[in-house]
Structures are given as C-alpha cells and as structure tokens.
1. How many residues does the range 211-259 contain that are of a type in the set (A, V, I, L, M, F, W, C), surrounded by fewer than 22 Cβ atoms within 10 Å (Cβ to Cβ) and more than 21 Å from residue 182 (Cα to Cα)?
2. Show the residue pairs that are 6+ apart or on different chains and have beta-carbon atoms under 9 Å apart, the first residue being within the range 361-377 and closer than 14 Å to residue 150 by Cα, the second being surrounded by fewer than 24 Cβ atoms within 10 Å (Cβ to Cβ) and of a type in the set (Lys, Arg).
3. For residue 192, are the conditions met, namely being surrounded by fewer than 24 Cβ atoms within 10 Å (Cβ to Cβ) and out of contact with any Gly (no Cβ under 7 Å at 6 or more places or on another chain)?
4. In the set 454, 438, 351, which member is under 30 Å from residue 105 (Cα atoms), within 18 Å of the chain's Cα centre (by Cα) and of a type outside the set (Phe, Trp, Tyr)?
5. For residue 347, only one of the following conditions fails: (1) closer than 20 Å to residue 81 by Cα; (2) crowded, with 24+ Cβ neighbours inside 10 Å; (3) out of contact with any Ser or Thr (no Cβ under 6 Å at 6 or more places or on another chain); (4) of a type in the set (A, V, I, L, M). What is its number?
6. Which residue pairs have Cβ atoms under 7 Å apart, sit 6 or more places apart or on different chains, and have a first residue in the range 72-99 that is surrounded by fewer than 18 Cβ atoms within 10 Å (Cβ to Cβ) and a second that is among the hydroxyl-bearing types (Ser, Thr, Tyr) and at pLDDT below 90?
7. Say we look at the range 434-459 and pick out the residues that are in contact with a helix residue (DSSP H, G or I) (Cβ under 9 Å, 6 or more places away or on another chain) and at positive phi; which of these is surrounded by the fewest Cβ atoms within 10 Å (Cβ to Cβ)?
Amino acid sequence: MKRLANRRTYLGLVLALLGIALVLAAVAGSARGQHAALGGFKTPALGAHPKYAFIGDAQPGQTVFECQTDTVGSAVDGNACYGPGQIRTAYDINPLLSQGIDGSGRTIVIIDAYGSPTINQDLQLFDTAFGLPAPSFSIINMPGLKPFDPTDPNQVGWSAETSLDVQWSHAIAPGAKIVLVVAKTSDDADILAATKYALDNKLGDILSQSYGEAEQCMDPSLLGQQHQIFDSMSAQGWTLFASAGDNGSNQPTCDGNSLFQAASTPASDPDVTSVGGTQLHASPVVLSPPPPPFKILDPGGQYQSESTWNEIPTFGAGGGGFSVVYPRPDFQAPIVKNSKMRALPDVAYNAAVDGGVIGFWGVPFGPGAAFRFGGTSAGSPQWSGLIAIADQLAGGRVGNINKTLYFLGKKNQSMFFHDVADGSNNIAFTATPGFDEATGWGSPIASSIVPAIAKPGNG
C-alpha cells in the first residue's frame, strides 16, 4: 500500500489528533458549554502519541511495525508498542487460547458515541495484520445519530476510541461476539440511553465503557438512573467494566477549563470493575538485521515488570482515588482502611503511550493507517475479553466480579495479579505492595485469575 508520509507530518498528526491526548480537555470544555443543560458530557479515556501515533501502513501479512523494533518499555526512546501477540504473552493469556478457550459463545457490548465510518475496515485490517479470525461484529446506532462529521475533533477522538475498543476486545477474546452500541452524542443522557438499550434488549454478557467524567459533573438524577441500570445489569449476571481515567487522580472541572481531584464515573460505581493504568515493560520483538524483508527471530512479549502509568505532563496518568458518592462496598471493607468511601481502581492494565497497543484507525488519513494507543481505554475492553473467556469456562455468566477479585487478591495476590508497587498516578496516590488507589490489585495473570473467576465459590 502506498505510504502517505509526505502529508503525515508531525504538525498534521497534532491537528488530526486534537482532543485525543489528556482526555480531550480542550474539547470537553467547549462541549460542556454547549451541552451543560443535558446534565454532563463523557470524554473518552484515551491517549495517542502525537509524534509517533502513525507507525505504518497495512501490508499483507504485516505483523511488526517500526516502533516494535525498539527496546520495549524504554523511557529513553519513547517509541515502544505492542501487538496482540506481545500482550497475550505478557499477561499469560496464551495458555487459555491454546486450549480453544477464546470467549466463544459470549458477547461483549461496547458503548461509544458518534461511531466511526471506518470501523469495519479498521477491524478487518487489524485481523489481517495479526492473523486473527473475523469476529461476529454488529453495530447498533441509537435513534437520532447524525452522519459522522470528520471536522469535529470531538467526534474524531471518539472514532479513535471506537477502533481501540473493538479491536482490542477482539484481540483478547477472538471467539467472542462484539456488539457496538453507538450513542447519538457523548452527552450523559445519550450514553445512558445506549446503556439502557443494551440492558433492555439483552444484548450481551459483558459491558465495556472506556469513558468518564468527574462524579460531581454528572447530573445527580442521571447518576441515580445510571446506578439503577447497573444494578439491573448486575442482577442479570452482566460483568461491567469502566476505565478509571487518564488524568491521574484528577478529572476535568465541569466547565472543562481546569482539573480538580475527583473520581471518574462510571468507574466509581460499586457495580463496575474499575480499570486503572500501568506501564508494561516486556521483551521486544527481535528482527533479523536490515535490509528488509525482516524475519521475526523472537516475537517478544515476555513479562519483565510494570510501574504505575504516569506520563504527565505529556500524555496522562492512570485514574484512581475515592468516590464522593458511593460508600465503601462490603468487598473493600477488609482491604481499604483509609477511607469509608468506594476506592478505585480495582485492577489495572497496560495504558502507557510508550508501550501502547497497535490499532488501525482510518478516520484521519484513510484506510490502512496504523497507530499506537495508550490510556486506560485500552484496559477496559481487554479485561472484558478476559471475562468473555471466563464466562466460556464457567459455562455461563460470572457476573459482578468485584467480590471475587478482592477475595483472590487477599488470598494470594501474587498468584493472580502482577502487583504493581512502583510509581504514582500523578502524586496523589502511590503504588504500594498489595492493593492501592494507583493500580488496585494490579494487572492480570490470566492463566490463573481467569479460571479462578470462573470457578464457583471464589468470593
């Protein structure tokens, strides 16, 4: 495929990716001014490196991009990324997939706003590049959805979120069905309508939500309705995930003009499993020496270490802290002693931009453009994929997993989680051994935690 390097300059990338880095703070400010009467506005918890976002055009059978040849996890080059193979290796997902346990028979529901005109092409390219089977993928557009506007940076940012969510839930659970429900706008009322539609129409088993806002900025009546919907989903056996946010312990103020310390909703809801962020350090892909074509000598991905995701001020940091709405749930009482309010995140996943995940996103430059993405957005769909696998193992829905996560973490954290005890999510909360408000229990050791979640009686 012909490269478009001449027009993919650094400046062009910055302009095209406005609204993506740092939770779209500038876009949120403008949008809140337009939509304040509707009770709030969700922003995608997503980051993309504006200089190295574009990492290659799709080629038949291509599985390695330029950024993977660097020392993965290096803080010096700032140019590392991972494909599905490396993530599956690092989090020990392969032993499950090799047994044919891939989420078959289960359905992941993804809520996003505005949609993406290239999502089907993006997913097909992703599958081709990484040798993944085509999933059962369907899109439900909510009533009132208008044609996509590529000149609106808010909609462009959400289209990137959509590509990330769909591709990476599929990468982890390649056998699971994926249903994308597209809200007509990112206003809270419209996101809530899409979520309720998923509940009322029994669309799936797992809900992935890669967006959020400060609890204080959501209209209290809508916040109450949201909790009622989550209660109903939990009662029906759904498992709910939400990204904890990309501004560390801060969230944009309700007018979008600054930041303040706050927990993100929907991640703070006790019915939801909140996903924080880490920076994963894993072994790099080893290629034969130049010139091309290259041969993969080592696919890489061997787990080395993780630290709390904190790339402030350039990109972001993992969300965490305490709710001002929800009291400490029973499952946290034996663990969380420094507050009587709901603590988050519960778990974590790779979120750094230096070490981001590869995705295809055709909106800025047309089909075939590969980017690397970071942010806690990447964690919610991938944890959703793990639970699709757990549902398959269990022969049915495992439901709300929070009680189980805390039971397993207290019982034997090192068996089920990579305990992240290094760094902070932007000063406010520091990672420590055991559970903390920077990375929760840590990231998954899938080969042990997924079967444990599927096993009755764990929690």
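1. Going through the range 211-259 one residue at a time, the tally reaches 3.
2. 364/8; 365/7; 365/8
3. yes
4. The match here is 351.
5. Of (1) closer than 20 Å to residue 81 by Cα; (2) crowded, with 24+ Cβ neighbours inside 10 Å; (3) out of contact with any Ser or Thr (no Cβ under 6 Å at 6 or more places or on another chain); (4) of a type in the set (A, V, I, L, M), only one is false for residue 347: (1).
6. Pairs that qualify, where the first residue is surrounded by fewer than 18 Cβ atoms within 10 Å (Cβ to Cβ) and the partner is among the hydroxyl-bearing types (Ser, Thr, Tyr) and at pLDDT below 90, are 77/71.
7. 434
Yes/no per residue for (1) part of a helix (DSSP H, G or I); (2) under 20 Å from residue 329 (Cβ atoms); (3) basic (Lys, Arg):
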| residue | (1), (2), (3) |
| --- | --- |
| 352 | no, no, no |
| 366 | no, no, no |
| 385 | yes, no, no |
| 390 | yes, no, no |
| 399 | no, yes, no |
| 404 | yes, yes, no |
| 420 | no, no, no |
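The values are calculated or read from the model by the stated rules, or taken from the named source; none is laboratory data. Since the model is a prediction, treat every value here as computed from it, not as a measurement. Every residue, glycine among them, receives a Cβ derived from its backbone with ideal geometry; neighbour counts consider all protein chains shown.
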